[in-house]
1. Counting helices only, and only those DSSP H runs with n ≥ 4, report the 222 nm mean residue ellipticity of the chain as the sum of -39,500 (n - 2.57) divided by its residues, in deg cm²/dmol to the nearest 500.
2. Counting Lys and Arg as +1 and Asp and Glu as -1, each charge on the Cβ, what is the dipole of the chain about the Cα centre in debye, to the nearest 20?
3. Taking 8 Å as the Cα distance limit and 6 or more residues as the minimum spacing, I'd like the relative contact order of the stretch 139-289 as a percentage.
4. Helix 232-245: angle to the longest alpha-carbon principal axis of the chain, degrees 0 to 90, nearest 10?
5. How many Å² of accessible area per residue for the chain, probe 1.4 Å?
6. Please report the net charge: other residues with Cβ closer than 15 Å to the Cβ of ILE252, K and R +1, D and E -1.
7. Along the charge dipole of the stretch 11-159, pointing to its positive end and built from +1/-1 on Cβ of Lys, Arg, Asp and Glu, which listed residue (ALA69, GLN50, PRO158) has its Cα farthest out?
8. Too long at a 31 Å Cα-Cα cut-off: which of LYS144/LYS200; LYS127/LYS256; LYS8/LYS127; LYS113/LYS264; LYS155/LYS273; LYS144/LYS273?
Amino acid sequence: MITKLQLKAPPITKIEEWPGVLILRGDLIHPIVSGNKAFKLLSLVNTIQQNNIQTLVSVGGRYSNHLHALAWFGRELGVATVGYVRGFAEQSLTSTLQDCLTWGMSLHFVSHKDYQRRYENEFWQPKLEKENRPLRINEGAWSKDAIAGSERWAKFLPDDTEVVVCPVGSGTTLAGIVNATAPEVRVIGVPVYADPSGYKDLRERLFETGLSPERYELWMDAHCGGFGKVTSELQQFASRFLARTGIELDRIYTLKTFCALQNKLRSNPEFGKQKIVVLHTGGQQGNRP
Ligand SMILES: *Cc1c(COP(=O)(O)O)cnc(C)c1O
């Protein structure tokens with residue numbers, strides 16, 4: 001593989017307050033690109049090279065870890081990147097988007113209404129037509145390649161792992177872990193956005209990739225009001241967790257996941273007797289203004 005994206009193995013951290021729990025530190029595998037997105041993007045290298053792709057085109061929010069990682073990755077690979085951002089050009093640039101520009105990504109803004117069409121081919125067609133040998137990369141990098149890339153997480157799980165807990169955005173990471181672990185390992189996903197239909201779309205998407213519904217569970221009440229919503233309980237949890245463990249959580253994904261895990265450990269002591277690994281998927285860059 002021709003890429004300069006050199007990843008370290010994620011170390012494991014134990015913390016005093018959670019005796020049976022290991023934290024797999026995907027946030028420490030690369031100085032810029034956090035675990036989750038690095039594993040997904042690396043899986044694209046072959047596709048890019050085999051098809052002589054010159055431009056990576058994708059979508060995301062103003063704090064998107066995905067666009068941030070993609071901009072860096074494109075620069076390292078010598079491939080152009082284009083980001084369609086949910087928002088307005090008049091809004092001040094976030095640190096995330098400033099980095100994207102610095103690394104050479106072209107940014108375009110899309111209204112909230114248009115952004116809702118990001119799963120439709122008609123949304124992508126005109127954007128791809130403008131580019132030289134483009135590759136469409138879905139939100140959160142959801143694709144078969146990215147799921148295969150996310151299977152890498154499993155290599156770093158201790159052999160006696162009984163439960164894996166991870167955040168869920170697109171579900172790519174969850175799918176990778178399910179694919180790469182033995183059937184007796186319990187895989188728990190924590191969706192960080194609300195879905196009144198009980199995550200029907202997510203479940204269907206996972207099913208279509210061949211995932212058996214029996215292989216994973218979702219903690220459906222950990223979204224705290226919806227994507228990007230940070231309650232005062234979460235805020236308190238984040239600052240206490242940082243003070244006690246020295247581990248910074250990103251406010252979108254790992255914060256909700258770790259807080260839900262703590263609530264579960266408290267409400268159900270039996271749960272904590274299992275050998276649990278929780279993934280720190282990184283993303284702290286998005287905490288900047
Ligand atoms: C994107 C992201 C996730 C969500 O992962 P999916 O594979 O899309 O479910 C989790 N954590 C962080 C830090 C992320 O950036």
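1. Helix contribution divided over all residues of the chain: -10000 deg cm²/dmol.
2. Rounded to the nearest 20 debye, it is 440 debye.
3. Computed over the stretch 139-289, the figure is 26 percent.
4. 80
5. Result: 47 Å² of accessible area for each residue.
6. Net charge in that neighbourhood comes out at +3.
7. Farthest towards the positive end: GLN50.
8. Pairs exceeding the cut-off: LYS127/LYS256; LYS8/LYS127; LYS113/LYS264; LYS144/LYS273.
The values are calculated or read from the model by the stated rules, or taken from the named source; none is laboratory data. The shown structure was predicted, so the numbers you read here are calculated from the model rather than taken from an experiment. A quick note on method: Cβ atoms are made from the backbone with ideal geometry, for glycine too, and the neighbour counts reach across all protein chains shown. Quick note on the areas: whole protein, heavy atoms, side chains included, nothing else; ligands and nucleic acids left out. Shrake-Rupley method; radii C 1.70, N 1.55, O 1.52, S 1.80 Å.
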